Amino acid sequence: MNYTPLKFKENALKALRNTNLRKNLTRAISHTLSKRVEVVSELPNWEDLRQRAHDIKKHTIENLSHYLELFEKRATENGIKVLRAKDASEAKNYVLQIARKINAKLCVKSKSMVTEEIGLREFLEENGIETVETDLGEFIVQLAGEMPSHITAPAMHKSRDEIGKLFSEKLGVEYTNEPEKLTSIAREFLRHKFLNADLGISGANFLIAETGSVVIVENEGNAGLSTTLPKIHIVITGIEKVIPRLADLTVFFKILGRSATAQRFTSYVSIINAPKKSKPDSPEEIYVILLDNGRTNLLKSEKLKQALYCIKCGACMLACPIYQRVGGHAYGSIYLGPIGSVLTPAQFGLDKATPLPFASSLCGKCYEICPVKIEIPHLLVWLRSQAVNSGFTSRFEKLIFKLWLIGMKNHKLYKFGSKFLRYFYKLGIKPKFKKWSSERAFPELAEKSFKEIWEKLKETEA
Amino acid sequence: MKVVGETDLIERFKFEFERVGGIFIETTSQGIFNNISSIITTENIARVFIEKFENEIDDILKNLSVTQIITQPHSIEQLAQIDASITGCDFLVAETGTIVFIHKENRFKSSILLPRIHIIIADRGKICSTFEELFAKTAGKFDSIFMVTGPSRTADIEKVIVPGVHGPQKVYLLLI
Ligand code: SF4
């Protein structure tokens, strides 16, 4: 896949001009957000739950190596093989080695951001192993040869007509645009793959340190099948997914479904402790690959650390006014929206994604909605300052802000400046910021300044 | 603290389970045969997998009139052909309407997920009020747990909810 976070501006402009895309986005986002309000407001202790989730994550991240070791120990005792990968290529090679061992030909995958992050599907296909996405949304995106546009609703940018056309083109079925029919076409096609796959790959929503468990949350049942039918199950997940105790799950159960899909609870939860011992169910072997891939960069930074609390629910994306308008693809990265604008530069280097921290209005909606209370706007501002210090902004922008600063510090100068501007306005001479105003109206200057009106008011009242 | 009785918990379970699209039937051991027979007719079920039950339910279910009954030991290929499975369960969680399966010799995730229809037989003693209670009871001692809350579903196409994408379209719970 082509990742282009540096081209955010161009990408965004293209997205803004795509009316179809905007229609699809608005439909999906407003639907989920309004349902979310309903299921969140049922819980009178929502703020409490957010705080508890935040505290659990904070505690774990502060003691991450302890909990990772505990997880590794317990999982190994249960018969799960745990591997640590420092980067994408190490993780991919582990998977390939395991696949080669059983001479795997067909791999079924359930939704996982981490496999997306390391480009696992493409890698396996290059190595001659057919790899099929089994989550319906991911399957659609794979057929279309695109990237997911949201982390929990990957095909959100597509309409039913577009999906119907795609299916008839790629799967050779008769065109229909009914979601029920399209879903059953996918079921049929993927069922066949499930029954013949020798390798199942999934991510994990949580790892439980005290019991060595892998927890996978889903709605469709594809993760359940991917982890039950093939002989071998490989879990690939980031090191930040561990939490201390099974009982901690009760908090996340309440917030995750509500935040991710506006559901009270997801249809399926698998808590896997050990390989299956009774036939015909599999897997005979389970591997857990714990991936770093830049996550320790975040751990080292007191500021950015908290981005690792993220449970990848996708709520901040839906709440973000920028995302709402440009959609996921504009970010040109795996992790999208507000948290993606933190994670991408933090994990892979600010120089590789400099425009992203600026792709925010800093309105605070992302923080407000985040179920683990990550202070995303603060992190964005901090990343911006890093970018500016390393020379990201243009000289012109710096000059403007310097002048602005001088004006703001000096009351008389400020007053003079605004008088000056108003004078020219009255003469009909206005500054033209062409780029800025080509697609939006330029704000008019009020005839009188606030201060002038205020002073008038005081006089009349006195 | 208000003590919540078993009946209240079952009411809560029923409310939540029906809200996610489950079909709840309260019955007796004698009633099971008729209940399942009528499900078989309405859902047009020809092949079923029946899990091994420890009690008289085994004998009752043997006599269901369907084209084929599959029991243990069985293969995945056989499971792929069935229309419905009939299984027990380990716990019911009232707060979310969730049915909990703990893996053991005679309980399979494949038989829960592969068929179009899943029929679960449970007794009232299986009810827990919350996940806190559930985790306290299991104490992490299991190979794996599978939790089911209503039918399989997706909303990946224009947010329209479609049941039965990979797992069952319908989930029946018979409570004895
Ligand atoms: S930052 Fe918060 S809201 Fe955004 S995806 Fe992560 S957990 Fe969800």
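No value in this document is a laboratory result; all are computed from the given coordinates. All values reported here derive from a predicted model rather than from experimental measurement. Positions of Cβ are generated from backbone atoms using ideal geometry, with glycine treated the same way; all protein chains shown enter the neighbour counts.
Structure data summary
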{"read-out": "Mean Cα-pair separation over length for chain B, i.e. relative contact order, pairs under 8 Å, 6 or more apart, %", "value": "29"}
{"read-out": "Average other protein chain Cβ within 10 Å of Cβ, residues A:241-253", "value": "3"}
{"read-out": "Between the stretch A:255-296 and the stretch A:152-182, the Cα center-to-center distance that results, in Å", "value": "28"}
{"read-out": "Longest exposed-site-free window of chain B, the sites being trypsin sites (Lys or Arg not before Pro) in a DSSP loop that have at most 16 other C-beta atoms within 10 Å", "value": "B:53-140"}
{"read-out": "Cα point-scatterer Debye curve for the stretch A:212-270, base-10 log of I(q)/I(0) at q = 0.20, 0.25 Å⁻¹", "value": "-0.90, -1.21"}
{"read-out": "Ordering of A:199-209, A:103-113 by packing [mean C-beta count within 10 Å, highest first]", "value": "A:199-209, A:103-113"}
{"read-out": "Selection of trypsin sites (Lys or Arg not before Pro), the stretch A:377-455, meeting DSSP coil and at most 15 other Cβ within 10 Å", "value": "A:LYS432, A:ARG440, A:LYS448"}
{"read-out": "Label-point separation in nm, B:SER37 to B:THR71, each point 7 Å along Cα→Cβ", "value": "1.9"}
{"read-out": "Cα centre as origin, Lys/Arg/Asp/Glu Cβ charges: the stretch A:254-362 dipole, Debye", "value": "340"}
{"read-out": "Whole-percent pair-distance distribution, where bins are 5 Å wide, for the alpha carbons of the stretch A:235-340", "value": "2, 9, 13, 18, 19, 18, 11, 5, 3, 1, 0"}
{"read-out": "Coarse-grained scattering of the stretch A:198-296 at q = 0.24 Å⁻¹, given as base-10 log I(q)/I(0) from a Debye sum over alpha-carbon atoms", "value": "-1.32"}
{"read-out": "Only Lys, Arg (+1) and Asp, Glu (-1) charged, at Cβ; the stretch A:43-293 dipole about Cα centre in debye", "value": "620"}
{"read-out": "Inter-chain Cβ neighbour average for residues B:14-23, partner chain, 10 Å", "value": "1"}
{"read-out": "Amide H partners (placed H, <5 Å) of A:CYS370, local residues excluded", "value": "none"}
{"read-out": "Amide H contacts under 5 Å for A:THR131, placed H, 5+ residues apart", "value": "A:CYS107"}
{"read-out": "Residue-averaged beta-carbon neighbours from other chains (10 angstrom radius) around A:176-188", "value": "4"}
{"read-out": "21 Å Cα-Cα threshold exceeded, pairs from A:LYS419/A:LYS456; A:LYS73/A:LYS111; A:LYS105/A:LYS241; A:LYS14/A:LYS165; A:LYS300/A:LYS402", "value": "A:LYS73/A:LYS111; A:LYS105/A:LYS241; A:LYS14/A:LYS165; A:LYS300/A:LYS402"}
{"read-out": "GluC sites (Glu not before Pro) lying in DSSP loop within the stretch B:99-169, provided at most 10 other Cβ fall within 10 Å", "value": "B:GLU105"}
{"read-out": "Kirkwood estimate for the protein assembly as shown, i.e. one over the average of 1/r between Cα atoms, Å", "value": "26.7"}
{"read-out": "The stretch B:61-165, Cα convex hull volume normalised per residue, Å³", "value": "142"}
{"read-out": "Estimated 222 nm signal from helices in the protein assembly as shown, with DSSP H stretches of n ≥ 4 weighted -39500 (n - 2.57), rounded to 500", "value": "-13500 deg cm²/dmol"}
{"read-out": "Per-peptide average of other Cβ atoms within 10 Å, ordering A:441-447, A:387-393 highest first", "value": "A:387-393, A:441-447"}
{"read-out": "For the stretch A:193-248 versus the stretch A:12-60, the gap between their alpha-carbon centres in whole angstrom", "value": "24"}
{"read-out": "Check: the protein assembly as shown dipole with +1 on Lys, Arg Cβ and -1 on Asp, Glu Cβ, in debye", "value": "3460"}
{"read-out": "A:PHE433-A:ARG100 FRET efficiency (beta carbon distance; Förster radius 51 Å; 0.05 resolution)", "value": "0.30"}
{"read-out": "Computed over the stretch A:15-165, Cα set: Rg, Dmax in Å", "value": "20.1, 56"}
{"read-out": "Label point distance in nm, A:LYS352-A:ALA441, each placed 7 Å from Cα along Cα→Cβ", "value": "4.4"}
{"read-out": "Per residue convex hull volume, Cα atoms of the stretch A:90-245, in Å³", "value": "115"}
{"read-out": "Packing-based ranking, highest mean first, of A:332-338, A:251-257 given that Cβ atoms within 10 Å are counted", "value": "A:332-338, A:251-257"}
